[in-house]
Amino acid sequence: MAHRGILVDVTKCIGCGSCVEACQKSNQQPAHDAKGFDQQTYTFLMDRGSDTYVRRLCMHCENPSCASVCPVGALRKTAEGPVTYDPDKCMGCRYCMMACPFGVPTYEWYSAAPRVRKCQMCAHRGAAGPACAEACPTGATITGDREELLAEARRRVASDPKTYFQRVYGVTEAGGTDVLYIGPRESKALGLPRVETSGPLPDLTWNALKHIPDVVLFGGVFLGGLFWLTKRKEDVARAEHAEKGEHHV
Amino acid sequence: MFKHRFASPQLGFWTVTSVVMIAVLGAVAFLRFTKGLGAVTNLSDTFPWGLWIGFDVLCGVGLAAGGFAVTATVHILHLKEFKPILRPTVLTAFLGYILVVCGLVFDLGKPWNIWHPIIMWNPHSVMFEVGWCVMLYTSVLSLEFAPVVLERFKLDWLLRLLKPITPVLVILGVILSTLHQSSLGSLFLILPEKVHPLWYTPVLPVLFFVSALAAGIGMTVVESWFSRRAFGKPIETHLLSRLSRVSVVVLAIYFALRMRDLIARHALATLFPLNSVSAMFLAEIALGVVVPMVLLAIPRFRESPKRLAVAQGMVVLGFIFHRLNISVTAVEAATGRTYLPSVMEFLVSAGLVAVGIWIFLLACRYLPIFPEGAMAEEEQRVGQHAGAAEVKAVSPLPGAVTAFDHT
Ligand code: SF4
Ligand code: SF4
Ligand code: SF4
């Protein structure tokens, strides 16, 4: 199904910080220096040297670990693409923060009613889409249909092997993400997290969870059976005992 | 007995310390709920789970495992000679779960939403399963424990109502515990790259279940010995010794599973070069599994209740070690992040344990938890040269009948 994605082309980024500024404005945060993910920062720029700037934001995984582990469904993968968060449902277990392979979600540690914080692909802007893509003056961040963006990324990488490292980041990572990166060097050199698992991470959990109905069914039958068997033995023993008792009397 | 001890300096010390601990707990709670988690913990965006999850939740649930093991032994396998330890074990399990729930209230960012999983479902989440297990099993445990209270207040008609559903409750309890113990291991399945390979494995749910069983039995023995000292309650050594033989088997299964898994995944190589992480692993396996397993296997060793308690204490500590290793050491090792619980985090965990011990002491004082003298003597006499059937045949003495009795 067609859904929204974001393509970050690191080679085009001039490090102006327009995306960061637009993000803070769009999410009604006070303008501030963005050095890493924190409760006020959904995106930030990393200076990787020799004029290379890499921005980070939530990857909007195709099969997001964060949404899969959330016990109350506060985090959710929407059909349109964004992984959104509903603070009214959240109970603050922070399993999403543990589970995210990209280290994205943050928490309001000093609040009495804390919320998880992360980029929601500007879901609140609806069809207008990500503010960061709108603000980017060079087209280093663009948005559109995920599959079309992926095709575009592959086209750029293939057509200019001198400029681009030959790989699109976000295709295999954790089973695929809706935010894709291409750039001059491999992802590690760009400072992007290394995620080796190439299938959906939630499958690892499901492999165990899917056995629950069987545990209940066979566990119940087995225990019930044991109960009945040993009880019978006991009944028999008691009957014999009683019989003997009568003989003696 | 209790009153006498209460006046003794030993218990006086405990009273003072524990009251101070509980007062501190209250103070930290105030800070925590007004200023946020950051004000009292060393948790951070890079290390969102700490001591309260690792100890209060993971260990609280595990130490309660004795509850389902012993209820199953008595009510499903009909090994009635284990009845004298039934009630203290169910009480411990209950307290374990109270520790878990209190720990969660401290740890959850918005504990007032703790009931949300009832109406907001996500069956793909292990945490969702954990939440349901906590709710359901705490209910089952309170029903299993209810007869003790009902007996005390002579509510016989309610007792009669509970009696026929006991087997169903017990079976439900065993299934729920199995799911719950294993699901705590499943929590970490989604973190293949965030947990060190010495601990991360797809068989985590199984390992968690088996080790909880060992810890549950260990806890039962330790606390029987403790109650014997604190209250002079007669719990027979031969029962504890038999339980400890079961421990040997459970520990052996655990050891075999763990080693087989490590070898199959070629993870043992990550022990080298030897560093603090491998030291934690070796200490956990050696002191918490191998040494107590060997000691408990020696018949002569099992003759003294004190030695039994020491060895089983090692099993319990080894279990706590494992849970903290997986939630802290293994995560630190794999992610390169660091976390050391703050003093206040320790104080909360310690305070909750103190509350638990108080409830245990008070329950032992005011509720019929232990078999009374006459009953115990009877059990002793029979226990020495008789099997299950004959124990059953001993007429239940007033005040010592358990409501679980099926005769
Ligand atoms: S990057 Fe992390 S927070 Fe974002 S969707 Fe994926 S798992 Fe969730
Ligand atoms: S902290 Fe909130 S959003 Fe994250 S998993 Fe827990 S309930 Fe869900
Ligand atoms: S999509 Fe919106 S919230 Fe996310 S980084 Fe861009 S501007 Fe910020």
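Sorting check: for A:34-45, B:322-333, which peptide has the highest mean count of neighbouring beta carbons within 10 Å, and how do the rest follow?
On the way: A:34-45: 18.8, B:322-333: 24.2.
Descending packing order for the listed peptides: B:322-333, A:34-45.
If eta is 1.567 mPa s and T is 4 °C, what Stokes-Einstein diffusion coefficient results for segment B:47-383, Kirkwood Rh from Cα pairs, in µm²/s?
On the way: Rh = 20.7 Å.
Estimated via Stokes-Einstein, D reaches 63 µm²/s.
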Extension gain (nm, one decimal) between A:R154 and A:A242, 0.36 nm per residue minus Cα-Cα: 23.2 nm
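Ignoring ligands, DNA and RNA, what percent of the 1.4 Å accessible area of segment B:47-383 is carbon and sulfur? All intermediate terms of the calculation are to be shown ahead of the outcome.
Working: 9080 of 12220 Å².
Of the solvent-accessible surface of segment B:47-383, carbon and sulfur hold 74 percent.
For the protein assembly as shown, what does the accessible surface come to per residue with a 1.4 Å probe? Please give it in Å². Before the final figure, lay out the partial values.
Numbers: 27940 Å² over 656 residues.
For the protein assembly as shown, the solvent-accessible area averages 43 Å² per residue.
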B:V249 versus A:L229: modelled label distance in nm, points set 7 Å from Cα along the beta carbon direction: 1.3 nm
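If you average 1/r across every pair of different Cα atoms in chain A and take the reciprocal, what Kirkwood value do you get, in Å?
Numbers: mean 1/r = 0.0478 Å⁻¹.
Answer for chain A: a Kirkwood hydrodynamic radius of 20.9 Å.
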0 to 90° range, to nearest 10: angle between helix B:166-186 axis and chain B longest Cα axis: 20 degrees
For A:S111, distant residues with modelled amide H under 5 Å away: B:L37, B:G38
Note, ³J(HN,Hα) from phi for segment B:116-133, Karplus 6.51, -1.76, 1.60, rounded to Hz, x at Gly and Pro: 3, x, 5, 10, 10, 9, 8, x, 7, 9, 5, 4, 5, 5, 4, x, 5, 5
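Give the average, rounded to an integer, of partner chain Cβ atoms located within 10 angstrom of each Cβ in A:64-74. Working shown, then result.
On the way: counts 0, 2, 1, 3, 5, 9, 6, 15, 14, 8, 4.
If you average over the peptide's residues, the count of other-chain Cβ atoms is 6.
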Of all accessible heavy-atom area on segment A:133-249, the percent that carbon and sulfur account for (1.4 Å): 60 percent
A:L180 long-range amide H proximity, modeled H, under 5 Å: A:I6, A:L7, A:V8
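As a check on your grasp of the helix formula, calculate [θ] at 222 nm for the protein assembly as shown: sum -39500 (n - 2.57) over DSSP H runs of n ≥ 4, divide by the residue count, round to the nearest 500. Spell out each step's value before the answer.
Numbers: 27 runs with 359 residues, N = 656.
Taking each H run of at least 4 residues, the total per residue is -17500 deg cm²/dmol.
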Per-residue ³J(HN,Hα) for segment B:358-365, Karplus 6.51 cos²θ - 1.76 cosθ + 1.60, θ = phi - 60°, Hz, x for Gly and Pro: 4, 4, 4, 4, 5, 4, 5, 6
Cβ neighbours within 10 Å from other chains - mean over B:189-197: 6
Cα principal axis extents for the protein assembly as shown, largest first, Å: 103, 51, 48
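For A:H124 and B:V343, what is the calculated FRET efficiency with R₀ set at 30 Å and r taken between the beta-carbons, to the nearest 0.05? Don't skip to the answer; put the middle values down first.
Values: r = 41 Å, r/R0 = 1.36.
That gives a FRET efficiency of 0.15.
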Packing-based ranking, highest mean first, of B:119-128, B:160-169 given that Cβ atoms within 10 Å are counted: B:119-128, B:160-169
5 Å-binned pair-distance histogram of segment A:140-209 (Cα, whole percent): 4, 15, 24, 22, 18, 8, 5, 3, 1, 0
Phi-based couplings in Hz for segment B:147-163 (Karplus 6.51, -1.76, 1.60; Gly and Pro marked x): x, 4, 6, 4, 4, 4, 9, 6, 8, 4, 5, 5, 4, 4, 5, 6, 4
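Kindly compute the accessible surface that chains B and A hide from a 1.4 Å probe when together, both sides summed, and give it to the nearest 100 Å².
The buried area between B and A, both sides summed, comes to about 4800 Å².
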Simple label model, 7 Å out from Cα along Cβ direction - B:S142 to B:N42, nm: 3.6 nm
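Treating only the Cβ of Lys, Arg, Asp and Glu as charged (+1, +1, -1, -1), what charge dipole size does segment B:35-133 show about its Cα centre? Round to the nearest 20 debye. Walk me through the numbers on the way to the answer.
Details: 5 positive and 5 negative charges, 62 e Å.
Dipole of segment B:35-133, to the nearest 20 debye: 300 debye.
The values are calculated or read from the model by the stated rules, or taken from the named source; none is laboratory data. In this text, all values refer to a predicted model and were calculated from it rather than measured experimentally. Counting neighbours? That spans all protein chains shown, and the Cβs are built from the backbone with ideal geometry, glycine included. Keep in mind that these areas ignore ligands, DNA and RNA; they rest on the heavy atoms of the full protein, side chains included. Shrake-Rupley method; radii C 1.70, N 1.55, O 1.52, S 1.80 Å.
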